[in-house]
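The values are calculated or read from the model by the stated rules, or taken from the named source; none is laboratory data. Worth saying up front: this structure is predicted, and the values here are computed from it rather than measured. So basically every Cβ, Gly included, is an ideal-geometry build from the backbone, and we count neighbours across all protein chains shown. Calculation scope for accessible area: heavy atoms of the full protein, side chains included, ligands and nucleic acids excluded. Shrake-Rupley method; radii C 1.70, N 1.55, O 1.52, S 1.80 Å.
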Amino acid sequence: MIGNKTETNPIGSRAAEKVVNNFSITVATVNGSGSQTSNLTLMRALFKMGIPVSGKNIFPSNIQGLPTWYTIRVNEDGYLARCEGQEIAVAMNPATFMKDVEGMVPGGVLFFDDSIKSPVSRQDLHLYPMPIKQMVRDSDAPANIRDYLANMVYVGVVANILAIDMERVYQALEFHFKGKQKPIDLNWNIVKNAYDWASNNLQKTDPYIVKPSNKTDGYIMADGNTAAALGALYGGLQFAAWYPITPATSLAETLHEYIPVFRKDPVTGKNTCVVLQAEDELAAIGMVVGAGWSGLRAMTSTSGPGFSLMVEYVGLAYFAEVPVVIWDIQRIGPSTGLPTRTSQGDLRLAYTMGHGDTKHVILFPGSVTECFEFGWKAFDIAERLQTPVIVLSDLDFGMNQWMTKPFEYPDRPMDRGKVLWEEELKQLGEKWGRYVDIDGDGITYRTLPGNKLPNAAYFARGTGHNEHAQYSEEPEDWENNLLRLRRKIEGNVALLPKPVITSTRAANISIISYGSTTAAIEEALTSLSQQGYKIDHLRMRSLPTAPEVMEFVRSHERNYVIELNRDGQLHQILRLEIPDCSMKLISLSHLDGLPLTAGWVVDHIIAEEEQQK
Amino acid sequence: MTDQIAQTSRAQVNLVGLTKNDYRGNPSSLCQGCGHNSISSQIIAACYELNIVPENVIKFSGIGCSSKSPFYFLNRSFGFNGLHGRMPSLATGALFGNISLKGIGLSGDGDTASIGMGQFKHIVRRNVPMVYIVENNGVYGLTKGQFSATADEGLELKKQGTNPYLPVDIAWEALVGHATFVARSFAGDPKQVKELIKAALSHKGIAMLDIISPCVTFNNQDNTSHSYSWGKEHEVALHDLSYVPPAEEIMIDYEDGQIKEVTMHDGSMVILKKLDRDYDPTNRTEAFRVLEESNKDCCLITGLIYINQSLPTLFDLYNLPDEPLNRLSEERLRPPRETIDKVNAMMF
């Protein structure tokens, strides 16, 4: 949205009306300049003031030098999706200055580094120049960290103008530097000096302001990768192999960070979880399949290109019936794509990963807290069904900060599935064969390496096999096995997380979505409802399609399937799995690598609905 | 009849009370005379003679003729036939389930030196404690006779014409990759194969065995270095090698200066009796030299080429409990309930 100065209201009339706890701040900096610390500090201070807040990093695939933007959205009502149009900008990057200025809403607020010499092309903005270089020079900070500290200047100035509580800023710094006094002091001094400078030198002319609230009571701030890693550790993760890839890397790194804290064996003080950085994703998944087969709770985390490399082993795990958990933190593809942009484009690949007839269990966390929950739950499902479970998160969840419900301790004991150690195997006796469907639910009993009984062993393989895991080319062995595999998963869909349905009375249209788009969709639903639209919402949490989803789709005339990819991949799957409702399913795809906004949803739903009239 | 068999086998049990039959696998479906079958027999013999309980072994393989062979030995051991070139990763993960189990990986020259080169080099680099046997025949057998990466330069095969490339030397690659046990042998020398397998099973670390194992169907011409006849004519053993189990008396006759003893970490010993030369398998530079020399002189150097028992294994790098990881109960895997508040406090 490009503001046009001729259409804007005079500044004075807007300034009179205060805008409290409802705006976005976008900070434009150069990648690698250390601005993340400053942005997190602002965001956390706002959170500690009790104001709902989110932070989204729109960053380049680069270590240093390219432009990066960080958007903090402040919203008293708790709507925290990305939104178009920024009320407040902090312009620190000369290279993007002109564009940043153009992108602001009419009457917006511009904080800028006063050494940027580009002219401000608009007259409707509130301007706050900041003597960044001067303030850093005046500080006693060592020369090698002055560039990093430069970003702390805007923290102080913005805090002053928006009335952010400085005590909260200090708390945020304490948290960030884990209580280490030296960096806390260094940064705090700059922030404080900048705050004081603003008090003495700037006159507030803009309407935006924050006021303490209590809307963050009972919430935490976290990112999805941290949540997933912690959830996995609470799920009893025993083996993780991985290979570095944006945006999944921080998941495995978080495991490293927390194993010493939470996963030292209380009995021996030894580690009960192994994390291994493999030579590539081919090896990472191979190790995980080996570990899953030998009875460990095993997982890997990756993103598109690495996920593609894992296809063959996932097919083997499906066929040999090995429980593994794979977290795909989606970025936009195909190919290398945009490594630092979000997407929901891996669904189609994930669902049928592997050649031949395959169909996998997919989980869709819809919040950061759900990343934690599915972190442990995925193992229960994988071990119960003896099959790969693929959890589709994305960059927006994985790497951005979300206000979310605190993580809850697992509400049930672990389900290790049908595992036979010596005693259990003795009891089953002759009835047992690795792939004999004793219970008729498609799920067979497995033994694990180390079982001391002479008849416990079997030879796992990707080749055709009979019920006793022996090589077989018999047509009926093949057919029976493949049919059982389908029954095993489709017949146990009830074990998977059910969809979350929000119903309005007498709605005949709906939105179906999953994952990180939830925030934008919930905001859009409020807005659409205010405009008179009655719309139900179903958030998918797993595939294969649950009966509840089928029923929901059937009971609406038009179901808009909203997702972040080109082809409407979930839409395609639902059409295949609910063929009688094919015409009731309409695809709305968002495809630019950025997180969904409520505005986009509202515009597209209204446009579609107008066509129906 | 049945009684008779039972009686005979009762008479021949090893120290863990098992007969040789208890170490056998299914009948081989490989070609008659295939070198791989001979190696399978030596694995059976070595495990029987070492009194290894089959339940304490896990077998792994990739894809190819070689990778079928784990089905033909140790039926009482767990096994996993994985993907082409990716046995090493599978084994690495699986062995973490219970690090007291002995891993035996079977691979071929296609599986290791082509598609699996990366995983081979990395399992070696990590020193995963297991036996890694490459049944090396210089040819793709299961797809009917294509050149492999270890095929001789100039090798002529019916459908393929002449091989223009220089071969990959698996023992050399292992050595470059810091393997802690490197041996080369020849399926036509079963005694040495068996002794090397025993030594490998006692090694604490990765034990790479590059065994020339002729493909009688596609690459057994007299002039190819992977054939029986070539091997028989050109084999030059570095030493006469015998394995002595822990706490057993050394019964070999020798004169001073004629033998070299290598004490393994489990107390067993590898006795290397001098043949034509002095050879010290703990000297890595020497190891490179003999390999280079054997390639230059067109001979098949066999024996224990290199051993280093001082490096930590992959498992040593993790502070793992004594009890197998795959037997840990829920209480030891899931942090207690009261920690969840701490977790949430660590967020913001």
Interface residues of region A:443-458, defined as losing at least 40 Å² of accessible area versus the chain alone with a 1.4 Å probe, are A:P449, A:G450, A:K452, A:P454, A:A457
Here, GluC sites (Glu not before Pro) of region B:147-203 satisfying both criteria (DSSP loop; at most 13 other Cβ within 10 Å) are B:E153
Residue-normalised value, i.e. accessible area per residue, for region B:126-265 at 1.4 Å probe, in Å², stands at 42
Test assert for region A:287-301: residues whose accessible surface shrinks by at least 40 Å² between chain alone and all chains, 1.4 Å probe, equal A:M287, A:W293, A:S294, A:L296
For chain B, longest principal axis from Cα atoms; helix B:117-126 axis from its Cα atoms; angle between them, nearest 10 degrees, is 60
Once both label points are put 7 Å beyond Cα along the C-beta direction, the A:E608-B:T285 separation in nm becomes 7.4
Calculated from DSSP helices alone, with each H run of at least 4 adding -39500 (n - 2.57) and the total divided by the residues of chain B, [θ]222 nm to the nearest 500 comes to -8500 deg cm²/dmol
Dividing the mean separation of Cα pairs under 8 Å (6+ apart) by the residue count of chain B yields a relative contact order in percent of 15
Carbon plus sulfur, as percent of the 1.4 Å-probe accessible area of region A:207-288, comes to 50
Percent antiparallel among DSSP beta bridges confined to the protein assembly as shown, rounded to 5, stands at 35
Descending packing, highest mean Cβ count within 10 Å first, for A:299-306, A:324-331, A:383-390, B:303-310 is A:324-331, A:299-306, A:383-390, B:303-310
In whole angstrom, the spacing between the Cα centers of region A:279-336 and region A:506-538 equals 34
For region B:242-298, listing trypsin sites (Lys or Arg not before Pro) in a DSSP loop whose Cβ sees at most 14 other Cβ atoms within 10 Å gives B:R277
Long-range share for region A:432-525, i.e. C-alpha pairs more than 19 Å apart as a percent of all pairs, stands at 61
Tilt, helix A:518-530 to longest principal axis of chain A (alpha-carbon atoms), in degrees rounded to tens, equals 70
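If you take the beta carbon distance between A:K18 and A:E548 as r and set R0 to 45 Å, what does 1/(1 + (r/R0)^6) give as a FRET efficiency, to the nearest 0.05? List each step's numbers first, then the result.
On the way: r = 45 Å, r/R0 = 1.01.
Approximately 0.50, to the nearest 0.05.
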Carbon/sulfur accessible area of region A:313-452, % of total, 1.4 Å probe, equals 51
Counting only protein heavy atoms and rolling a 1.4 Å probe, one gets per residue an accessible area for chain A in Å² of 37
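Take every Cα pair under 8 Å in region B:1-136 that's 6+ residues apart, average their separations, divide by the length, and report that relative contact order as a whole percent.
Values: 224 pairs, mean separation 30.6, N = 136.
Taking the mean separation of contacting Cα pairs over the length of region B:1-136, I get 22 percent.
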Largest-first ranking of A:K377, A:K584 by accessible area, probe 1.4 Å, whole protein assembly kept, is A:K584, A:K377
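To the nearest 100 Å², how much accessible surface do chains A and B cover up together, summed over both, with a 1.4 Å probe?
Between A and B, the summed buried area is about 6000 Å².
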Note on region A:333-414: contact order normalised by length, alpha-carbon pairs under 8 Å, 6 or more apart, percent, works out to 32
Checked against a 28 Å limit on the C-alpha separation, the offending pairs among A:K377/A:K418; B:K121/B:K232; B:K68/B:K273; A:K452/B:K144; B:K144/B:K198; A:K99/A:K204 are B:K121/B:K232; B:K68/B:K273; A:K452/B:K144; B:K144/B:K198
Note on region B:118-141: residues buried by at least 10 Å² of accessible area once partner chains are added (vs chain on its own, 1.4 Å probe) come out as B:Q119, B:H122, B:R126
So the FRET efficiency between B:V16 and A:D411, C-beta based with R0 = 51 Å and rounded to 0.05, is 0.65
With -39,500 (n - 2.57) per DSSP H segment of 4 or more residues and division by the full residue count of chain A, the 222 nm estimate, nearest 500 deg cm²/dmol, is -11500 deg cm²/dmol
With all protein chains present, region B:220-348 has a carbon and sulfur share of its accessible area (1.4 Å probe) in percent of 47
hull vol. (C-alpha, convex hull) per residue for the protein assembly as shown, Å³ -> 212
